[in-house]
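Participant: Before anything else, here's the structure in question.
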């Protein structure tokens, strides 16, 4: 089995394998999926597609628009902050709000088509 096949089957993203194992068995194939460095933000970063940043937000007091060309893919929310994603002016996405953990969170379902966001920090 080739590393490209393993990568397509989720080996590189599987938390059941350590980074050392991924490097040992499929270094080149998995290096492109290494987690990106944490972005600098005052509240949250919203990405579309593979890793294109569409929002780098300071705390907000009301819903702000998300202007994107592709489906939203992941968010980074600063530890202690909270990000709400809105699918229309009255409805939050199913997994919203997202609590800050200083790590990227992959989006799924209606969150990928959010039209707005609200980010709050203590």
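Participant: Which whole-number percentage describes the relative contact order of segment 75-122, with Cα contacts under 8 Å and a sequence gap of 6 or more?
Facilitator: 50 percent
Participant: For the chain, modelled as a GNM with alpha-carbon contacts under 10 angstrom, which of 70, 13, 48 fluctuates the most?
Facilitator: For the chain, modelled as a Gaussian network with Cα springs under 10 Å, the answer is 13.
Participant: Springs between alpha-carbon atoms under 10 Å, Gaussian network over the chain: tell me which of 20, 94, 111 tops the mean-square fluctuations.
Facilitator: Looking only at 20, 94, 111, the largest GNM fluctuation is found for 20.
Participant: Here is a further query. Relative contact order of the chain: what whole-number percent is it, with Cα pairs under 8 angstrom and at least 6 residues apart?
Facilitator: 23 percent
Participant: Taking the Cα atoms only, what angle lies between the long axis of helix 19-31 and the longest principal axis of the chain, rounded to 10 degrees?
Facilitator: The angle comes out at about 80 degrees.
Participant: Apply the a/c threshold of 1.5 to the C-alpha gyration tensor of segment 53-112 and tell me whether it is rounded, prolate or oblate.
Facilitator: Rounded shape, in that the Cα axes give a/c under 1.5.
The numbers here are math on the coordinates, done by the rules we state, and not lab data. All figures in this text were calculated on a predicted structure; none of them were measured in a lab.
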